[in-house]
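Novice: Just dropping this structure here.
The values are calculated or read from the model by the stated rules, or taken from the named source; none is laboratory data. Fair warning: this is a prediction, and the values are worked out from it, not measured in the lab. Cβ coordinates were reconstructed from backbone atoms using ideal geometry, including for glycine residues, and neighbour counts include every protein chain displayed. Side chains included, ligands, DNA and RNA excluded: accessible areas come from the protein's heavy atoms. Shrake-Rupley method; radii C 1.70, N 1.55, O 1.52, S 1.80 Å.
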Amino acid sequence: QVQLVESGGGLVPPGGSLRLSCVASGSISSPNAMGWYREAPGKQRELVATITSGGTTNYADSMKGRFTISRDNANNTVYLQMNSLRPEDTAVYYCRTILGANDYWGQGTQVTVPS
């Protein structure tokens with residue numbers, strides 16, 4: 001079993017920044033690829049960014065240049081630095097990792113950018 005716990009969400013004005021954190025615990029013996037996803041009201045959950053165990057990153061087009069994913073393997077933590085936030089970034093942000101046949105998600109953290 002793996003547990004993912006996100007933190008760092010909140011209310012931020014347009015143009016502001018937030019840094020989300022996701023700590024993985026449980027049956028993780030070595031760093032694994034991890035990702036951030038988000039789900040806005042009335043919309044499907046979508047990819048934000050992923051990072052491999054070696055640090056290779058991938059971003060959704062709308063996040064490139066504004067969001068940065070990074071990780072601290074020693075502490076099993078992945079971060080999402082979000083800059084120049086927009087009202088359309090309002091969503092619940094989830095952390096995810098896949099180990100073998102198991103797909104793990106955190107409980108999510110709310111990010112709200114008022115219009």
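Novice: Give me the residue from segment 88-103 that is hydrophobic (A, V, I, L, M, F, W, C) and modelled with pLDDT of 95 or more and, out of that set, surrounded by the fewest Cβ atoms within 10 Å (Cβ to Cβ).
Specialist: Here the answer is V92.
Novice: Next question, about the same structure. Scan segment 72-87 for residues that are charged (D, E, K, R) and either open to solvent by less than 50 Å² (accessible area, probe 1.4 Å) or part of a helix (DSSP H, G or I) (or both) and jot them down.
Specialist: Within segment 72-87, D72 is the sole residue that qualifies.
Novice: Next up: Can you tell me which residue in segment 2-35 is least open to solvent (accessible area, probe 1.4 Å), limited to those that are without any contact (Cβ under 8 Å) to a residue 40 or more places away in the chain and part of a loop (DSSP other than H, G, I, E, B)?
Specialist: This residue is S30.
Novice: Looking at Q44 and the list (1) within 15 Å of E88 (Cα to Cα); (2) touching a residue at least 40 places away in the same chain (Cβ under 8 Å); (3) assigned to a loop (DSSP other than H, G, I, E, B), which single condition is not satisfied?
Specialist: (2)
Novice: Next question. Scan N76, N102 and give me the residue that is in contact (Cβ under 8 Å) with a residue 60 or more places away in the chain and of a type in the set (S, T, N, Q).
Specialist: Within the list N76, N102, the selection yields N102.
Novice: Sticking with this structure for a sec: Within segment 36-55, which residues are surrounded by 20 or more Cβ atoms within 10 Å (Cβ to Cβ) and of a type in the set (K, R)?
Specialist: R38
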